[in-house]
Ligand code: FES
């Protein structure tokens, strides 16, 4: 079991854990940035859900990076990924994949730890709700979260930041 965790999350003293801590500011991460630009898993449930590696045979469009296998995330789930050192919330809905800044504008909590219902992503801390398709916030319309283009190419989910 420990070996499986090391493969998915990285060793506690390894570079993935170190990168994850430096990007997110979290002291003890359950998850880590896999060698870039692979995903960061926030829980064992997400890791199990994402047990498929990002494909290595996909050539992303110019400016995009392959971050995930297209079948790795179920609809209705959101995760954090690190892309070029930036924490991004990657959500999958019935409409497809959406990428937005991981930082909630209210107090910078991780939107990738929130809950997703349709295109509505609820921040885990105070419950602000964001539309993952455009980053708009129902509760505070002036606090839109930046979004990023996503394209699925072959088996790869590609994000441009
Ligand atoms: S930090 Fe997101 S709603 Fe409070």
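Normalised by the number of residues in region 37-160, what is the relative contact order in percent for Cα pairs under 8 Å and 6+ residues apart? Please list the in-between numbers first.
On the way: 289 pairs, mean separation 29.9, N = 124.
Once normalised by length, the contact order is 24 percent.
Cut-off is 10 Å between beta-carbons; in what order do 126, 69 appear when sorted fewest neighbours first? Display every interim value, and only then the final one.
Numbers: 126 11, 69 19.
Ascending number of Cβ neighbours within 10 Å: 126, 69.
What residues of region 77-110 lie in the reach of a label at residue 133, counting those whose backbone N is under 18 Å from a point 7 Å from the Cα along Cα→Cβ?
77-78, 90-101
Cut-off is 10 Å between beta-carbons; in what order do 161, 83, 88, 139 appear when sorted fewest neighbours first?
Details: 161 17, 83 22, 88 28, 139 12.
Going from least to most buried by this count: 139, 161, 83, 88.
According to a simple spin-label model (label point 7 Å from Cα along Cα-to-Cβ), what is the distance in nm between residue 75 and residue 57?
2.7 nm
Between residue 160 and residue 84, what is the spin-label point distance in nm, taking each point 7 Å from the Cα along the Cα→C-beta axis?
Placing both labels 7 Å along Cα→Cβ, they lie 1.1 nm apart.
Take the alpha-carbon centre of region 135-149, take the same for region 89-134, and report the distance between them in whole Å.
That distance is 9 Å.
At 0.36 nm per residue, and after removing the present C-alpha to C-alpha distance, how many nm does the segment from residue 126 to residue 152 gain when stretched out fully? Before the final figure, lay out the partial values.
Working: separation 26, 0.36 × 26 = 9.36 nm, distance 3.20 nm.
Contour length minus the Cα-Cα distance gives 6.2 nm.
Can you give the FRET efficiency to the nearest 0.05 for residue 94 and residue 143, using r as the Cβ-Cβ distance and R₀ = 30 Å? Before the final figure, lay out the partial values.
Values: r = 25 Å, r/R0 = 0.85.
For R0 = 30 Å, the calculated efficiency reads 0.75.
No value in this document is a laboratory result; all are computed from the given coordinates. Keep in mind that this is a model prediction, so the values were computed, not measured. Note that each Cβ is placed from the backbone with ideal geometry, even for glycine, and that neighbours are counted across all protein chains shown.
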